[in-house]
Structures are given as structure tokens and as C-alpha cells.
Amino acid sequence: MTKDTFLLQRIQPAMVGLIDGSLSTLAPIFAVALATHKPHYAFFAGLATAIGAGVSMAFSEGLSDTGELTGRGNPFVRGGITGVGTFFGGILHTLPFLIPHYRVALIFAVVVVGFELVVLAWLRYHFFETSLARSFASVTLGGAAIVGVSAALGIA
């Protein structure tokens with residue numbers, strides 16, 4: 001497998017999943033946490049969201065094309081990579097809500113989100129030769145918009 005094929009068939013689906021999982025699950029998790037002040041509720045909202053988003057993204061990627069015309073590879077492999085990446089991206093900032101103390105769980109979750117954004121920016125920099133600062137700014141902008149929406153919903 002050439003480097004370009006590896007990027008197209010493995011890394012790109014993984015990045016789509018990680019980015020989607022990291023960003024799309026923020027709103028429900030933080031909205032529930034802020035609305036209820038119950039970390040346990042936020043954990044289950046995050047777990048359900050991570051699983052649902054992972055399954056959805058696996059099917060979406062796998063059914064988007066056969067890979068024959070685009071060279072994107074086996075749709076089952078691509079879908080599996082994207083689904084696992086989505087679940088992984090969503091579950092990481094859900095795990096701190098296993099901590100029973102609301103403020104501690106919230107602080108740890110925010111720290112994990114920050115760590116995720118740095119890792120996503122670094123992965124884009126490393127594999128796709130983008131500027132680290134530009135990658136971080138792009139990913140952070142998306143995350144900030146979603147956190148703003150979830151905070152507004154959570155305190156409404």
C-alpha cells in the first residue's frame with residue numbers, strides 16, 4: 001500500500017471519525033451536564049451519543065461509495081475505521097463524567113476536550129502537512145461553536 005493510498009483509505013476515514021466524534025458529541029454531553037449538574041446523566045448521554053454517532057458514521061462512510069471508482073478502498077473497512085474513530089472521539093470526553101462530583105467532572109471533561117483538539121490538530125499537521133496553528137484554529141473554531149450552543153442550551 002502506497003503512502004497516498006494509506007492516507008486515502010485509512011487515515012482520512014479515521015480523521016473524519018475522530019473529528020466528528022470529538023465535535024458532534026460535545027453539545028449533548030455538555031448540555032445535559034450543564035442542565036442537570038448530574039455527571040452520571042451526562043455520562044449516559046455521552047455514551048449513547050458516542051455509540052449512535054459511531055454507528056451512523058460507519059454506515060454513512062461505508063455506504064457513501066463502493067470505493068471502486070474513487071480508489072477509497074473497501075467500504076466495510078472504511079466504514080469500520082470511521083465508526084470506531086467516531087466512537088473513540090466521542091467517548092474520550094464522556095469518561096470524565098464517571099467522576100461523581102459535578103465541578104471536577106466538568107473541569108476534567110474540558111481538559112480532555114482541549115487535549116483532543118491539540119491531538120486532532122497535530123494529526124492534521126503530521127499526516128496532511130497542514131500548518132499546526134491553522135489546524136488548531138480550524139478544529140478549535142468548530143469546537144468553540146458547538147460548546148457555545150451546548151452551553152446556551154444547558155443553561156436555558
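Calculated mean residue ellipticity at 222 nm for the chain: -26500 deg cm²/dmol, from DSSP H runs with n ≥ 4 weighted as -39500 (n - 2.57), summed, divided by the residue count and rounded to 500.
Calculated on the alpha-carbon coordinates, the convex hull of the range 93-141 measures out at 62 cubic angstrom per residue.
Taking the longest Cα principal axis of the chain as reference, the axis of helix 75-92 is set at about 20 degrees.
What is the angle, in °, between the Cα long axis of helix 39-64 and the longest principal axis of the Cα atoms in the chain? Nearest 10 is fine, range 0 to 90. So the inclination is approximately 20 degrees. Each 5 Å bin, from zero up to the one with the longest distance, holds this percent of the alpha carbon pairs of the chain: 2, 11, 17, 20, 18, 14, 9, 5, 3, 1, 0. With the charge dipole of the chain set up from +1 on Lys and Arg Cβ and -1 on Asp and Glu Cβ about the Cα centre, the Cα lying farthest toward the positive end among the listed residues 7, 100, 148 is that of 100. Among 8, 69, 34, 98, the sequence by solvent-accessible area, most first, with a 1.4 Å probe is 69, 98, 8, 34. The value for the range 61-117 of Rg(Cα) / (2.2 N^0.38 Å) is 1.63. Once both labels are positioned 7 Å from their Cα atoms along Cα-to-Cβ, the gap between residue 77 and residue 37 label points is 5.2 nm.
When the charge dipole of the range 17-135 is built from unit charges on Cβ atoms (+1 for Lys and Arg, -1 for Asp and Glu) and taken about the Cα centre, the candidate among 128, 41, 76 whose Cα reaches farthest toward its positive end is 41. When all protein chains stay in place and ligands, DNA and RNA are ignored, the 1.4 Å accessible-area order of 1, 57, 15, largest first, is 1, 57, 15.
The values are calculated or read from the model by the stated rules, or taken from the named source; none is laboratory data. Everything numeric here is computed off the predicted structure, so don't read it as measured data. All Cβ positions, even for glycine, are placed from backbone atoms using ideal geometry, and neighbour counts span all protein chains on display. Keep in mind that these areas ignore ligands, DNA and RNA; they rest on the heavy atoms of the full protein, side chains included. Shrake-Rupley method; radii C 1.70, N 1.55, O 1.52, S 1.80 Å.
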